[in-house]
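Working notes, beginning with the structure itself.
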Amino acid sequence: MLAGFLATTNAGADSTRVLIGIESASGATTVARHRLTEYLRTQGCEADIRFETSTPGLALVFLPGTPPETATQPDLDAINRVGQLPVPVWITRRTAGVRDISELEGRDLATVAGGDPLGASLPLAALRKQGITPSSGQLYEAGDYSSALGLLLHNNTYAAVSERGFVRPFLARNSLVVSWSGEPVKAAGWYRQAAWNRKAEACERALTRPRRPDDPQMFAVFPEWVFGFASPDSLYSEDVSR
């Protein structure tokens, strides 16, 4: 799952623990913190997890968002259901007959709230390239990708954003199609921080092992399309081999 690095906590905290910060995708943090803390402990990583990313002394942080080319890149990339970098998509019903996303002009659309670029900014940028800028009244902001898909399936919207790996199992059985697919992007990941030290390596190794189906409650604080974490080197070597 997540790669990253951890460091000792700041003054007043248990100095034997690695301090980790997570920008959460949901408010359901209590159970997720417990599950993740216990999982890491079984892997030899004593962690202190905070659901914010500005605490002094952090060794590792999880952040959603596409890093600029000039910025630090993730040390562990978030990966989708099929073990690859995520791909933003627009989904429509097969019966809508959408041949191009330019046909979404003037339609009600479902997006996903929060800082995840796949949930709104990247799909909306694709529309803008077609000269389409939906009004606020045409955008229905869902809390997660399942809810956005539900808006589409219940005919509340004409299209919905999603991530290609996440939505794949739902397409055929719900008569849905991908009307637009973007490029694979780094949309979330774990970043080393100044307080990283050698004790964090056990935590980093541990974060690359689990997948969302192993413990969905532990993954509830990450964007819904995130199924695990991988080091960039291992991810790209697998891509090259395909």
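Which one is farthest from residue 132 (Cα to Cα) among residues in the range 159-172 that are open to solvent by 40 Å² or more (accessible area, probe 1.4 Å) and in contact with a strand residue (DSSP E or B) (Cβ under 8 Å, 6 or more places away or on another chain)? Please lay out each step first, then the result.
Taking the range 159-172 first, the residues open to solvent by 40 Å² or more (accessible area, probe 1.4 Å) are 164, 168-170, 172.
After this cut, where a residue has to be in contact with a strand residue (DSSP E or B) (Cβ under 8 Å, 6 or more places away or on another chain) as well, the list is 164, 170.
Numbers: 164: 22, 170: 27 Å.
Restricting to residues being open to solvent by 40 Å² or more (accessible area, probe 1.4 Å) and in contact with a strand residue (DSSP E or B) (Cβ under 8 Å, 6 or more places away or on another chain), the top hit is 170.
Looking only at the range 98-126, filter to residues that are acidic (Asp, Glu) and either over 25 Å from the mean Cα position of the chain (by Cα) or open to solvent by 50 Å² or more (accessible area, probe 1.4 Å) (or both); which one of those is modelled with the highest pLDDT?
Filtering the range 98-126 down to residues acidic (Asp, Glu) leaves 100, 103, 105, 108, 116.
Next, from what is left, pick out any that are either over 25 Å from the mean Cα position of the chain (by Cα) or open to solvent by 50 Å² or more (accessible area, probe 1.4 Å) (or both): 100, 103, 105, 108.
Details: 100: 87, 103: 94, 105: 94, 108: 97.
Among those residues, the one meeting the criterion is 108.
Condition check ((1) of a type outside the set (Phe, Trp, Tyr); (2) more than 22 Å from residue 225 (Cβ to Cβ); (3) in contact with a Ser or Thr (Cβ under 6 Å, 6 or more places away or on another chain)) across all residues:
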{"site": "86", "(1), (2), (3)": "yes, no, no"}
{"site": "95", "(1), (2), (3)": "yes, yes, no"}
{"site": "144", "(1), (2), (3)": "yes, no, no"}
{"site": "152", "(1), (2), (3)": "yes, no, no"}
{"site": "158", "(1), (2), (3)": "no, no, no"}
{"site": "161", "(1), (2), (3)": "yes, no, yes"}
Single match in 66, 95 (criterion: among the β-branched types (Val, Ile, Thr), surrounded by fewer than 15 Cβ atoms within 10 Å (Cβ to Cβ), at pLDDT below 95 and out of contact with any strand residue (DSSP E or B) (no Cβ under 6 Å at 6 or more places or on another chain)): 95
Any idea how many residues of the range 68-82 are within 17 Å of residue 122 (Cα to Cα) and more than 15 Å from the chain's Cα centre (by Cα)? 2
Restricting attention to the range 69-92, which residues are among the polar types (S, T, N, Q) and either within 23 Å of residue 172 (Cβ to Cβ) or open to solvent by less than 50 Å² (accessible area, probe 1.4 Å) (or both)? 80, 84, 92
Going by what's in this entry, would residue 219 be described as in contact with a Phe, Trp or Tyr (Cβ under 7 Å, 6 or more places away or on another chain) and within 16 Å of residue 22 (Cα to Cα)? no
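The values are calculated or read from the model by the stated rules, or taken from the named source; none is laboratory data. Owing to the predicted nature of the structure, the values given are computational and were not obtained by experimental measurement. Using ideal geometry, Cβ is built from the backbone for each residue, glycine included, and neighbour counts are taken over all protein chains shown. For accessibility, only protein heavy atoms count, side chains too; no ligands or nucleic acids. Shrake-Rupley method; radii C 1.70, N 1.55, O 1.52, S 1.80 Å.
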